[in-house]
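What follows is calculated from the coordinates using simple rules that are stated; it is not laboratory data. Fair warning: this is a prediction, and the values are worked out from it, not measured in the lab. Virtual Cβ from ideal backbone geometry, glycine too; neighbours counted across all protein chains shown.
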Amino acid sequence: MQMILPRFHYHAPTSLDEACEILAELKKDARLMAGGTDIIVNMKKGLVSPKNLVSLSRIKSLTDRILDTASGNTRIGACVTAMDLIRFTQGAGRYHALASGGAACLGTPLIRNTATIGGNLVTARPAADLPPSLMAYGAKVVVKNRGGERVVGLEDFIKGPGQTVIQSNEILTEIVLESQPRFSGGGYEKLGVRKTLEISLVNAAAFLALEKPDGPILNARIVLGAVAAVPMRARAAEECLVGEKPNEKLFEKAALAAAKESKPIDDFRGSAEYRKEMVKVLTRRALRTALQEAVNQEQRRKG
């Protein structure tokens, strides 16, 4: 196994405009690097060998930005690390599925201090930790090139394993999270053979918005990972929930619907049948956590 980096030209722009100019000039001969936890490993293994490596680590608007807007949305720079995302969500008391779920499950503390939210998205791995919880919160992404920028729903951003809609001259610059309505919450659950440094066998994220603390459910999202080519919305399961008052029987019904919608494969880590069973378990747990956060959110307001 090759463990020495191949030769390449290194670029370290200090602004987005400069980075976009470099990409426009080099076109497909360049690869972007954020935290480097993925591309550097692949370069050492000889899986990729870019002629030019463009680091985004010196662009402050990407690395240091977590901003609450006047509309209530939260805008997060694409190079914000998983650890900084955890600190923000815990401090803000919002986006529970990111704080204790997706970002907290990402690798080890060393990796979480280096890996970026944008990098986790653009690698587009079916079992990645962040996409399901971000999708559950209705996240959108902003991509930019020399000519302008566009906004894409995260559900439409990932097209397949290792594939996104981003073009060779574009940079993922921001992740935009919708403001959370009153009486809403999220949950994330992951199953792996180990507790750390583990690729998900199955993961599930849920979001619930209630009319009031004891229901009914106004809006629901359930997102499953590692059971299809891309993180997938379990829409039939969501339809089971909307308009109903949350309870264990309802969550069991939604979990069963989610399992039926999932499309897992057999591999050496687990059978498709086992993964479907685990979809039911994790969906039910994620819904319970989402409900608890929705109720607790009002208690925090009063407190």
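Could you give the angle, 0 to 90 degrees to the nearest 10, between helix 272-302's Cα long axis and the longest principal axis of the Cα atoms of the chain?
80 degrees
If I fit a long axis through the Cα atoms of helix 82-92 and take the longest principal axis of the Cα atoms of the chain, what angle between them do I get, 0 to 90°, rounded to 10?
40 degrees
Give the calculated FRET efficiency between SER61 and ILE199 to the nearest 0.05, with a Förster radius of 41 Å applied to their Cβ-Cβ distance. Can you show the working numbers first?
Working: r = 31 Å, r/R0 = 0.76.
It comes to 0.85.
Give the peptides 231-239, 254-262, 162-170 in descending order of average Cβ contacts within 10 Å, highest first. Please report the intermediate quantities before stating the final value.
Working: 231-239: 20.2, 254-262: 22.6, 162-170: 15.8.
Per-residue Cβ counts within 10 Å, averaged per peptide and sorted highest first, yield 254-262, 231-239, 162-170.
What trypsin sites (Lys or Arg not before Pro) in region 159-190 are in a loop by DSSP, with at most 14 other Cβ atoms within 10 Å of the Cβ?
ARG182
Any idea what the alpha-carbon Rg over 2.2 N^0.38 Å comes to for region 60-177?
Working: Rg = 13.2 Å, N = 118, 2.2 N^0.38 = 13.5 Å.
Scaled against compact globular proteins, the figure is 0.98.
Give the peptides 10-17, 140-147 in descending order of average Cβ contacts within 10 Å, highest first. Working shown, then result.
Working: 10-17: 14.5, 140-147: 18.6.
Ranking, from highest mean packing down: 140-147, 10-17.
Can you give me the C-alpha center-to-center distance between region 8-23 and region 131-188, rounded to a whole angstrom?
One Cα centre to the other: 22 Å.
From the helices alone, meaning DSSP H stretches of at least four residues, give me the mean residue ellipticity at 222 nm for the chain, per-run term -39500 (n - 2.57), in deg cm²/dmol to the nearest 500. Let's see the in-between values first.
Details: 11 runs with 105 residues, N = 303.
About -10000 deg cm²/dmol.
At a 10 angstrom cut-off on C-beta neighbours, averaged per residue, how do the peptides 220-228, 79-87 rank from highest to lowest? Let's see the in-between values first.
Working: 220-228: 26.1, 79-87: 21.7.
Per-residue Cβ counts within 10 Å, averaged per peptide and sorted highest first, yield 220-228, 79-87.
Check each of the trypsin sites (Lys or Arg not before Pro) in region 1-60 and keep only those in coil by DSSP with at most 11 other C-beta atoms within 10 angstrom; list them in order. Write out the running numbers ahead of the final one.
Working: sites: ARG7, LYS27, LYS28, ARG31, LYS44, LYS45, LYS51, ARG58, LYS60; in loops: ARG7, LYS45, LYS51, ARG58.
For trypsin sites (Lys or Arg not before Pro) across region 1-60 that sit outside H, G, I, E and B with at most 11 neighbouring Cβ atoms in 10 Å, the list reads ARG7, LYS45.
Mind checking the log10 I(q)/I(0) for the chain at q = 0.09, 0.15, 0.16 Å⁻¹? Debye, one equal scatterer per Cα, no solvent, two decimals.
-0.45, -1.16, -1.28
Mind pulling the angle between the C-alpha long axis of helix 16-26 and the longest principal axis of the chain? Nearest 10 degrees, somewhere in 0 to 90.
It is inclined by approximately 60 degrees.
Taking the Cβ of LEU62 as the centre, find all other residues whose Cβ is under 11 Å away and add up their charges (Lys, Arg: +1; Asp, Glu: -1). All intermediate terms of the calculation are to be shown ahead of the outcome.
Values: positive: ARG58, LYS60, ARG65, LYS144; negative: ASP64, GLU174.
Taking every other residue near LEU62 into account, the sum is +2.
In nm, to one decimal, how far is the modelled label at ASN296 from the one at ALA228, with both set 7 Å along Cα→Cβ?
In this crude label model, ASN296 to ALA228 measures out at 2.9 nm.
Treating the beta-carbon of each Lys and Arg as +1 and of each Asp and Glu as -1, no other charges, what is the dipole magnitude of region 9-55 about its Cα centre, to the nearest 20 debye? The partial results should precede the final answer.
Details: 6 positive and 6 negative charges, 77 e Å.
That gives a dipole near 380 debye.
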